[in-house]
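See structure below.
A short reminder: the numbers here are calculations on the coordinates, not readings from a lab. All of these numbers come straight from a predicted model, not from anything done at the bench. We place every Cβ from the backbone using ideal geometry, glycine too, and count neighbours over all the protein chains shown.
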Amino acid sequence: MSENGINENGIIDLLVIGAGASGMTAAIVFQKTLLSERKPLGNVVILEKNDRVGKKVMVTGNGRCNLSNKDMSLSHFHCHVEEFPEKAISLVPQQQVLAFLGEIGIVTTYEENKLFPMSKTAASVVDAFRFALDDFDIKVVPNAEVEEVSKDSESKLFQVTCADKSTYSAKKLLIACGGACAPYTGTTGDGYKFLSMLGHKVYAPKPSIVQLVTENYVTKALSGLKLDCDLTLLCEDFVVANQFGEVLFTDYGLSGPAVLQVSGEVSRRTRKGRLSMPMKVSLKLFNDPTIMNIREDIYARREEFSDRPLDQLLLSILPQKIGSMLIRTALDRPMSMPVSALTDGDIEKIISTMRSWEFDVIGTKGLESAQTTIGGADCEEFSPKSMQSRIVPGLYATGEVLDVDGDCGGYNLTWAFTSGILAGSHSAKKSDIYQQKAGEPDGN
Ligand SMILES: Cc1cc2nc3c(=O)[nH]c(=O)nc-3n(C[C@H](O)[C@H](O)[C@H](O)COP(=O)(O)OP(=O)(O)OC[C@H]3O[C@@H](n4cnc5c(N)ncnc54)[C@H](O)[C@@H]3O)c2cc1C
């Protein structure tokens, strides 16, 4: 046994850094690929800095784990090299991802377009992975925080050193450390450092699926209130994204599913935390026919409820606080003014605000609040067929550490599984065990 108890000579066939969604997938697929060819299982080790596997998976989908989505349009995936996720997804169609999840015992169900485990609990997904790691004899080393990685030019082995000074030697190395968001789950951007150490270019990480910071006197006053509306994101008055859904007003700005979904477009236009161009969120509170009915209603109310104060004008059309704040934003008039004093022009301004209630965007909340990371290792330098480095043979990267981010709706886990399947199967096929010849050169 070696110092770290791995095997006789201490050399690992596949060493994975990070027991997250993509790392665990790759490790399991590595072993399954060998078994499918009736080869013996490999010596596969996962180093995880947390005391347990899948800490981030546990918090996904509000603890329900949104695994994937019926709508697999490629527009839901973002990368500086557009063809990269496109090619990878064409090689591992969603059916293959679902089959893999089924094979490790995850039964799934759809809720509208979103795929969840039938239990609707992320913990059961983590448990399924845990049992599969065990079934396939994959050694997980918890509390193993990797600090350094290198490749020895003579032996061609990867050398990995942890914070406790334990060392590991491996024929193949997979960096599956995730991105830089939600650092409380263990993802603090270490993977970028390791890939840079090995000569890779990394795009600076930015937050996505994150709340927006806006000019906030209105949102602060309405903090905690929600509305279903049609959200349009504008950059210098050009529409860059549109999303129907719930919007939540907060102390700092706007949150809720519709806001999280478009937030990446704000991040992509941000440098060092500052917007490079002016951006606005416009909320349309009702559809056009409804707004026309409300308009007629307001003209009628001016006569019927003429003595009521202005801040009651939208009573029962909108929640009181929101209605009152909308009128305040539209008009420079005292709220105690009687409804009868409204001019036609005032009414048209209220209607126009209802159609487009604008909020100046200042930026996004930070990586600590985000659900995924924009940026990461440059995909030009990896093969989309295998996730193998084009610079360092035997080196792989999967999941969020790569410069691929998905929209909200299960796309990031789908990417983690897809890239994990490709890396696991390719690294197994290129292993000495599969080829039954030692020292076979690696290829892409
Ligand atoms: C709150 C929240 C909710 C989300 N909900 C969803 C959802 O419902 N659906 C969806 O598709 N996506 C969701 N995501 C995104 C998704 O979880 C990630 O994109 C996905 O888990 C990334 O997989 P990964 O394998 O790249 O890394 P991760 O799953 O993040 O795993 C990386 C692992 O590497 C370990 N690690 C890091 N550095 C080191 C080191 N130096 N040494 C050893 N180990 C290290 C980390 O501790 C971690 O366990 C959510 C994210 C968050 C934060």
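Residues whose amide H falls under 5 Å from that of residue 402, counting only those 5 or more places apart or on a different chain, are 377, with hydrogens built in the peptide plane. Relative to the longest principal axis of the chain, what angle (0 to 90°, nearest 10) does the C-alpha long axis of helix 411-429 take? The answer is roughly 10 degrees.
Dimensions of the chain along the principal axes, based on C-alpha atoms and rounded to the nearest Å, stand at 90, 41, 36, largest first.
Note that the range 42-54 has calculated 3J(HN,Hα) couplings of x, 8, 10, 10, 10, 9, 10, 6, 6, 7, 7, 7, x Hz, one per residue in order, obtained from phi through the Karplus relation 6.51 cos²θ - 1.76 cosθ + 1.60 (θ = phi - 60°); glycine and proline are x. Residue separation of residue 148 and residue 166 scaled by 0.36 nm, minus their Cα-Cα distance, works out to 5.4 nm of gained length.
Averaging the Cα positions of each part gives two centres, and for the range 178-211 and the range 119-148 these lie 21 Å apart.
Which translational diffusion coefficient, to the nearest whole µm²/s, is obtained for the range 270-429 from the Stokes-Einstein equation, given a Kirkwood hydrodynamic radius over C-alpha pairs, 20 °C and 1.002 mPa s? Spell out each step's value before the answer.
Details: Rh = 20.2 Å.
Translational D for this selection: 106 µm²/s.
In this simple spin-label model, placing a label point 7 Å from the Cα along the Cα-to-Cβ direction at both residue 135 and residue 52 gives a separation of 2.1 nm. Helix 344-355 and the longest principal axis of the Cα set of the chain meet at an angle near 10°.
For residue 241, nonlocal amide neighbours, meaning residues 5 or more places apart or on other chains whose placed amide H falls under 5 Å from its own, are 233. Using only the C-alpha atoms, the convex hull of the range 211-365 corresponds to 102 Å³ per residue.
Extension gain, residue 226 to residue 11: 0.36 nm times the residue separation minus the Cα-Cα distance gives 71.8 nm.
Mind checking the range 157-222 for trypsin sites (Lys or Arg not before Pro) that DSSP puts in a loop (not H, G, I, E or B) and that have at most 16 other Cβ atoms within 10 Å? When the trypsin sites (Lys or Arg not before Pro) of the range 157-222 are filtered for loop state and at most 16 Cβ neighbours within 10 Å, 165, 201 remain.
Residues whose amide H falls under 5 Å from that of residue 397, counting only those 5 or more places apart or on a different chain, are 175, 389, with hydrogens built in the peptide plane. A Förster radius of 45 Å combined with the Cβ-Cβ distance from residue 344 to residue 237 puts the calculated FRET efficiency at roughly 0.95. Working from label points 7 Å from Cα in the Cα-to-Cβ sense, the residue 337 to residue 159 distance is 7.7 nm.
Which number comes out as Rg/Rh for the range 143-234 once both Rg and the Kirkwood Rh are worked out on C-alpha atoms?
1.22
If the segment from residue 277 to residue 94 were pulled out straight at 0.36 nm per residue, it would be longer than the present Cα-Cα gap by 62.2 nm. Hey, which of these cross-link pairs are over 24 Å Cα-Cα: 56/139; 56/156; 70/284; 365/385; 39/139? Too far apart for the 24 Å limit: 56/156; 70/284; 365/385.
Per-residue ellipticity at 222 nm for the chain, helices alone: DSSP H runs ≥ 4 residues times -39500 (n - 2.57), over residue total, nearest 500 deg cm²/dmol?
It lands at -9500 deg cm²/dmol.
Based on the alpha-carbon gyration tensor of the range 186-278 and its eigenvalue square roots a ≥ b ≥ c, which shape applies: rounded if a/c is under 1.5, prolate if not and a/b is larger than b/c, or oblate? It is prolate, given that a/c is not under 1.5 and a/b is the larger ratio. Here the Karplus relation 6.51 cos²θ - 1.76 cosθ + 1.60, evaluated at θ = phi - 60°, turns the backbone of the range 159-172 into coupling constants of 10, 10, 10, 9, 4, 7, 6, 5, 10, 9, 10, 9, 6, 10 Hz, with x for every Gly and Pro. Beta bridges assigned by DSSP with both partners in the chain are antiparallel in approximately 75 percent of cases.
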